[in-house]
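Student: Please see the structure below; I have some questions.
No value in this document is a laboratory result; all are computed from the given coordinates. Predicted model only: the values in this text are computed from it and were never measured. Positions of Cβ are backbone-derived with ideal geometry, glycine not excepted, and every protein chain shown enters the neighbour counts.
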Amino acid sequence: MDNCIFCKIANKQIPSTIVYENDRVMAFKDINPVAPVHILIIPKTHIASVNDLDRDNVGVLVDIHLAAKEIAARLGIAEKGFRLINNCGPDAGQTVFHLHYHLIGGTCLGPKII
Ligand code: 5GP
Ligand code: ZN
């Protein structure tokens, strides 16, 4: 999609530090990390948010979760734990409207919101 920064990252028009990639998903380091490990996992096709998931495209969530598992294992944080977070819409603070999951870990993450 034109003017979507994460589509441009998926197409490699904008550089990123890629940590995982297959035909359907890409994972790269967040430009403004909030923890020692802060990876963004995205579908390569443009889906704006969870609100835009449907039966035809929801399969990519399987790929995103398997990517999260693989990345956490590779980075050595699988056993200690991590958070996989999605912000959907303005009230949740979503700033980039291309579906993404934050994989955060590498330290004790502190109090849970929920
Ligand atoms: P959101 O607030 O939408 O849940 O998360 C968007 C995330 O994208 C933020 O954590 C922000 O730091 C990250 N981000 C925004 N622009 C870029 C970029 O150009 N490159 C990378 N690697 N991360 C970005
Ligand atoms: Zn996009």
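Student: Which residues does the label zone of residue 24 cover in the range 50-83, counting backbone N under 15 Å from a point 7 Å along Cα→Cβ?
Tutor: Answer for the range 50-83: 53-70.
Student: For labels at residue 63 and residue 85 in the simple 7 Å Cα→Cβ model, what's the distance in nm?
Tutor: It works out to 2.5 nm between the two label points.
Student: Further question on the same structure: Using 0.36 nm times the number of residues separating residue 2 and residue 92, minus their current alpha carbon distance, what extension gain do you get? Working shown, then result.
Tutor: Working: separation 90, 0.36 × 90 = 32.40 nm, distance 2.41 nm.
Using 0.36 nm per residue and subtracting the Cα-Cα distance, I get 30.0 nm.
Student: If Lys and Arg each add +1 and Asp and Glu each add -1, what is the summed charge of the other residues whose beta carbon sits under 12 Å from the beta carbon of residue 27?
Tutor: Neighbourhood net charge equals +1.
Student: Go through 71, 49, 92 and say which Cα lies farthest out towards the positive end of the charge dipole of the chain; charges sit on Cβ, +1 for Lys and Arg, -1 for Asp and Glu.
Tutor: Looking along the dipole axis, the top candidate is 71.
Student: Measure off 7 Å from each Cα along the Cα-to-Cβ vector at residue 34 and residue 51, then give the distance between these two points in nanometres to one decimal.
Tutor: Output for this residue pair reads 2.0 nm.
Student: When Lys and Arg each count +1 and Asp and Glu each count -1, what net charge do the other residues less than 15 Å away from residue 16, Cβ to Cβ, add up to?
Tutor: Counting the neighbours of residue 16, the net charge comes to +2.
Student: Hey, which of these cross-link pairs are over 27 Å Cα-Cα: 8/69; 8/80; 12/69? Present the calculation step by step, with values, prior to reporting the outcome.
Tutor: Values: 8/69 25 Å; 8/80 33 Å; 12/69 24 Å.
Listed pairs above 27 Å: 8/80.
Student: Hey, another quick one. What do you get for the angle between helix 60-74 and the principal long axis of the chain? Use alpha-carbon atoms, 0 to 90 degrees, nearest ten.
Tutor: 30 degrees
Student: If you don't mind, another one. Sort the range 5-105 into rounded, prolate or oblate with this rule: let a ≥ b ≥ c be the square roots of the eigenvalues of the Cα gyration tensor; rounded if a/c is under 1.5, and if a/c is not under 1.5, prolate when a/b is larger than b/c, oblate otherwise.
Tutor: Verdict is rounded for the range 5-105.
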